[in-house]
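Here is the structure we will look at.
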Amino acid sequence: MVKEIKFPRRGKLVVGIMSSNINLIDDTEQKLVKKFGKTDFESSLIPFNHTDYYTEEMGEGLQKKFVSFSELIAVEDLPYIKIFTNDLEKRTMKDGKRQVNIDPGYLTHSQLVLGTTKAYAHRVYLKEGIYADLTYICKRKKLQPLDWTYPDFRDPNVILFFQKVRERYLKQIRVSR
């Protein structure tokens, strides 16, 4: 007899929003709320000083904010969510440069997965040009970064934020059973 494998079909939508323009971060968040519903957790603004990768395109003084959304999503919708956020980024471009960077993903009881357009050895192709980037795994009830986890996601305060989001997610899935 083959045992049925249980896979988390719903996850908590989380989004990182980064820009040097704080008003643009707020405007982007409002557009996301209009599309995905209200948020239930928001981080404070966090200086993005882990790398200068975005400086040439987006300027100095970058700030990042993380938000999670109240409604759970189907995890298979991540490619379409990433396509939507890429379109939001394109709409704010000036002189061919992004003014905002938006990183959507989902959190489940066992992992945080981000959507990305960049292929790499550890990323799994989903569809529509979007890859899954496994960012955290849960081990002994704690989120753990992996070798390839981005530096800003290794910050203890960011991990704590996502740990709180995970706790909310666990309560939500218990209630919905």
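Every read-out reported here was derived from the displayed coordinates using simple, explicitly stated rules and does not represent laboratory data. Model, not experiment: these values are computed from the prediction. Counting neighbours? That spans all protein chains shown, and the Cβs are built from the backbone with ideal geometry, glycine included.
Which pairs break 24 Å Cα to Cα here: K65/K90; K38/K139; K38/K118?
Those over the limit are K38/K139; K38/K118.
Taking 22 Å as the limit for the C-alpha separation, the pairs K141/K171; K34/K171; K35/K64; K141/K164 exceed it in the case of K34/K171.
For Y136, the residues whose amide H sits under 5 Å from its own are L112, ignoring neighbours fewer than 5 places away on the same chain, with H placed 1.01 Å from N.
Taking each residue as 0.36 nm, the span from M93 to K171 lengthens on full extension beyond its C-alpha to C-alpha distance by 24.2 nm.
The modelled label-to-label distance between Y120 and L134, using points 7 Å beyond Cα along the C-beta direction, is 1.4 nm. Please report how far the C-alpha centroid of region 25-80 lies from that of region 96-119, rounded to the nearest whole angstrom. Region 25-80 and region 96-119 have Cα centres spaced 9 Å from each other. For R10, R174, the sequence from fewest to most other C-beta atoms within 10 Å is R174, R10. By the helix-only formula, in which each DSSP H run with n ≥ 4 contributes -39500 (n - 2.57) and the sum is divided by residues, the chain has a 222 nm mean residue ellipticity of -10000 deg cm²/dmol.
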